[in-house]
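Coordinate-derived values only; no laboratory data. What you see is a predicted model, and the numbers here were worked out from it, not measured in a lab. FYI the Cβ positions are ideal-geometry reconstructions off the backbone, even for glycines, and counts take in every protein chain you see.
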Amino acid sequence: MTEPASLSLAAEPLLLPTEAYLVPSLPVIWFGVVVFALTMYVALDGFDFGIGMLYATRSNDHERETLLSAFGPVWDANEVWLVAFGTMLLAAFPRVYSRLLSEHYVIVMAFVLALLFRGVGPELLEQHEGERWQQACELSFVAGSTLAPFFLGTLAAGWLFAVPLVSLPAVLTGVGVVALSVVTGSAFVAAKTDPDFAASIARYGQIATVVYLGGVLALLGTVALRNAGGVAEIILSLPVFAVVGASASAGGAGIAFASRGRYRAWLIAAFSLPILLGALVAVVLYPVLYPATGLTVEAAVVSPLALNLTTVLGLPVLVVVLWYFKFLYSVFGGPIEADGYGQ
Amino acid sequence: MALTLIPPSGSDVAVGLAGTAGASVLALLDPELASRAQFGWTISVHILFAALSIGLAPFVVYFTWKSVRTGSEAYERLQSFWLKVFGVGFVMGTVTGIPMSFQFGTNFPRFSEVAGELIGGPLAFEAKMAFFLEAVFLGVLLFGRERVSDRKYVLSSVLVGVGAWLSGFWILVVNAWMQTPRGYEIVTKNGMAVAELTDPIAAFFNPRMGWMYVHMVNAAVISVALFVGGIAAYIVWRRRESTAWRTALRLAVVLLLVSAPLQAAHGDAYARHVEDTQPQKFAAMEGHYETGQADLHLIAVPKEPEALTDPRAENLYTVSVPGVASFLASGGDFDAEVTGLNAYEENPPVALVFWSFRLMVGLGFLFIGLALWGGRLVYSGRVAESDRFLKSMMISTPLGFAALLTGWYVTEIGRQPWVIQDVLKTSDAVSSTLSPVEATATLVAFVVIYLGLVSASLYVLKRLIEDELQHIPGREAPGGTERGSIPGVADDD
């Protein structure tokens, strides 16, 4: 079915080189793009998860509606970062995509199903006033929002450290991502609501910051001691110390800002944590992309033509995507209205 | 060249039902069968919501534009109603679509590895160019009426629509490539045979692409025209005074009048293209076993119940036109030789393809009839008066989606045993690390959960319709109060 005759014409109209990458470091750039998409996902859908968990701590209808109003307009767009991560991983490193997903079957399925319950819960909540219906939808929302980041963490541990699903590093990573989601979720809500509500939410964010930082240290200590995935050497290196140090500073600053009611500053400190986590992932992995088999970025990357095409057609679009995310968040910037943004 | 010649990586142990699961209480399925059933089931549910987005987008754009421009209450009601339906459909599409898309990796990792260079790009473009666009601007559309200007609001609806149609484009690039793969070369990489992209234009605009895009988008438009038309017919039937819903009904009929005949004409040419590019699928569609002249079965009825599963000519009462399948396939020659199924070593489940194809075509003609009838009524201004027409529309509410599904069964089941035509067999694409327990458990979970989602969606729709009826001023239609709840409108989706 191949048509070698068309080979010579290949890609000529697109002016794309077929034999070499547009720039020699293009595979590394794509490694960065994939980690960036994952970071965006953890940062943005992470705060959605956090809102879902905070929802369980509220019994006041007004406060619950405020949380749902913060969540409603943005969660679906945030979740698309997961699809962007998955599809870009497939486009640039298909072997890693297929190994990562097929070798962690149970956890991937648990994760996507948790996402499903998180998504439909709030959507169906307002459709019926019955008490059992409401409780079921709320359970779906809260349980999905708690389990999804936990499973995401365990999946990440399986990927980064090649550890089994039920193991200390996997559980620590799961708890870490859950705690991080509470940090960003509470910072996001606190920055967009009245001071009283913000103060009561901030308490959870402060506790979660401590749990998160403790979890990261415990995780790194554990994997370094076990040398899981052969990462001991990397973990005891300067870049990892730098990233962890920066996370601790950001976390500490965040706790202080939250105490003083400086919620805008806290927002920045809180969202620097997932960004630093993304950097940590990149440092721990590179140059390997699938530690279980030692598959490197260079070995896993697709051929020059395929990557050049994905770069030329895809990367500019990613910039546009960032621009309209900015638009989305500016439309829904400012204080949250409990009545659902005028719907 | 078929990749089956290359030994699969890892320990590709075929864990079958026989032997291993005999002692188990649960009847565990073979991972391959369970994976295929799971993918088939999840995509069947997902595509209903995806088609709803594609088909409803033009309605949402039109109603949004009209309501903003005229400020008329009728259009505002229509906009608000259909935007809510769109919103629920989009959420359902997202939550059902993400698990589905991840199955390329979880259940069919060999497919992802072999075809990654060809399918990864388009799937990533779908996420970046289409899915983000739709999700971001739907947020604005659903929650931002008071927060953006009229112009930006209308523009948001347009961008949501563009997102939906573009999303379909990139997904169909992938599917069309699986039917008629082009622009690649098989190379060995990391000790494994994979397809390397050699010509993106040939790969993306492969022979099937144009056919598939037109047929699918139009099928979505037909499905949603029937869906909107059926609901509008019900509301008009209950509240004759509702000018808004009369408008919606007329709009649906007009759309159907354009799209239904187009689908038949296009489908006819499409079938010829399938015969050219996938003769085995075409033979399964026609139940054509012996290579030679092929007859067209206009009507086929199984002689015995067993014949349902084995649709050979001798098992059927048929009304056939000799040589017409040859004529169609060849574009004019009644005696043209059409390759029969007996020429192949392994065939798709012929009965499923054969009956799905008949059901799809039969429904297609039914829609044309309905469109012509409705068109006449609209033309003479009596569309809201004919009870018989309104009831026919109500019954037809889910039928467009049924036709769309059967069409996809023809396409996907008809391609078997291949996942990528003549390149990779489905059985070779399945994960070798998947256990029968895992595969069966997730299949059961998906069946239960997705059924729950479909039921919940239909329930939401029913509530929206009831709510709408309460908001329409005026009296019930004569005898309307006894008409009770919705007959058949929400039976299926």
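Among the candidates B:181, B:200, B:99, the residue that is crowded, with 22+ Cβ neighbours inside 10 Å and within 22 Å of residue A:76 (Cα to Cα) is uniquely B:99. Exactly one residue among B:148, B:88, B:95 is without any contact (Cβ under 8 Å) to a residue 24 or more places away in the chain, at the interface with chain A (Cβ under 7 Å from one of its Cβ atoms) and either touching a helix residue (DSSP H, G or I) at 6+ places or on another chain (Cβ under 9 Å) or under 25 Å from residue B:213 (Cα atoms) (or both), and that residue is B:148.
Of the residues A:285, A:305, A:289, only one is within 14 Å of another protein chain (Cβ to nearest Cβ), under 22 Å from the mean Cα position of the chain (by Cα) and not basic (Lys, Arg); which? Write out each step before concluding.
Numbers: A:285 fails: within 14 Å of another protein chain (Cβ to nearest Cβ); A:305 fails: under 22 Å from the mean Cα position of the chain (by Cα).
Of A:285, A:305, A:289, the one residue that is within 14 Å of another protein chain (Cβ to nearest Cβ), under 22 Å from the mean Cα position of the chain (by Cα) and not basic (Lys, Arg) is A:289.
Scanning for something among the hydroxyl-bearing types (Ser, Thr, Tyr), surrounded by 24 or more Cβ atoms within 10 Å (Cβ to Cβ), more than 19 Å from the chain's Cα centre (by Cα) and more than 14 Å from every other protein chain (Cβ to nearest Cβ), does the stretch B:226-238 turn up at least one residue? Yes: one or more hits. Helices (runs of 4 or more DSSP H) fully within the stretch A:253-343 that include at least 2 residues being β-branched (Val, Ile, Thr) and surrounded by fewer than 19 Cβ atoms within 10 Å (Cβ to Cβ): A:263-285, A:304-331.
Could you pull out the residue among B:140, B:214, B:174 that is away from every other protein chain (no Cβ under 11 Å) and within 22 Å of residue B:129 (Cα to Cα)?
Numbers: B:140 fails: away from every other protein chain (no Cβ under 11 Å); B:174 fails: away from every other protein chain (no Cβ under 11 Å).
Exactly one of B:140, B:214, B:174 is away from every other protein chain (no Cβ under 11 Å) and within 22 Å of residue B:129 (Cα to Cα), namely B:214.
Looking only at helices (runs of 4 or more DSSP H) that fall completely inside the stretch A:87-203, which ones have 3 or more residues that are in contact (Cβ under 8 Å) with a residue 24 or more places away in the chain and within 14 Å of chain B (Cβ to nearest Cβ)?
Working: elements: A:94-102, A:105-125, A:131-161, A:168-191.
Result: A:94-102, A:105-125, A:131-161.
Taking the stated definitions as given, is residue A:310 more than 10 Å from chain B (Cβ to nearest Cβ) and more than 21 Å from the chain's Cα centre (by Cα)? Criteria not met by residue A:310.
To keep it simple, each residue is scored yes or no on (1) closer than 14 Å to residue B:357 by Cβ; (2) among the hydroxyl-bearing types (Ser, Thr, Tyr).
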position	(1), (2)
B:255	no, no
B:274	yes, no
B:309	no, yes
B:313	no, no
B:321	no, no
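Cβ-Cβ distances below 7 Å connect the following pairs, each with a first residue in the stretch A:53-73 that is in contact (Cβ under 8 Å) with a residue 24 or more places away in the chain, a second residue that is assigned to a helix (DSSP H, G or I) and among the charged types (D, E, K, R), and a separation of six or more residues or different chains: A:55/A:64; A:71/A:48. Show the residue pairs meeting these rules: Cβ distance below 9 Å; 6+ apart or different chains; first residue within the stretch B:221-237 and under 17 Å from residue B:261 (Cα atoms); second residue aromatic (Phe, Trp, Tyr). Cβ pairs passing all conditions: B:222/B:367; B:223/B:401; B:224/B:59; B:224/B:401; B:225/B:59; B:225/B:367; B:226/B:367; B:226/B:401. How many residues, within the stretch B:116-137, are more than 7 Å from chain A (Cβ to nearest Cβ) and over 23 Å from the mean Cα position of the chain (by Cα)? Looking only at that region, the number is 1. Does residue B:372 qualify as being surrounded by 17 or more Cβ atoms within 10 Å (Cβ to Cβ), assigned to a helix (DSSP H, G or I) and in contact (Cβ under 8 Å) with a residue 24 or more places away in the chain? No.
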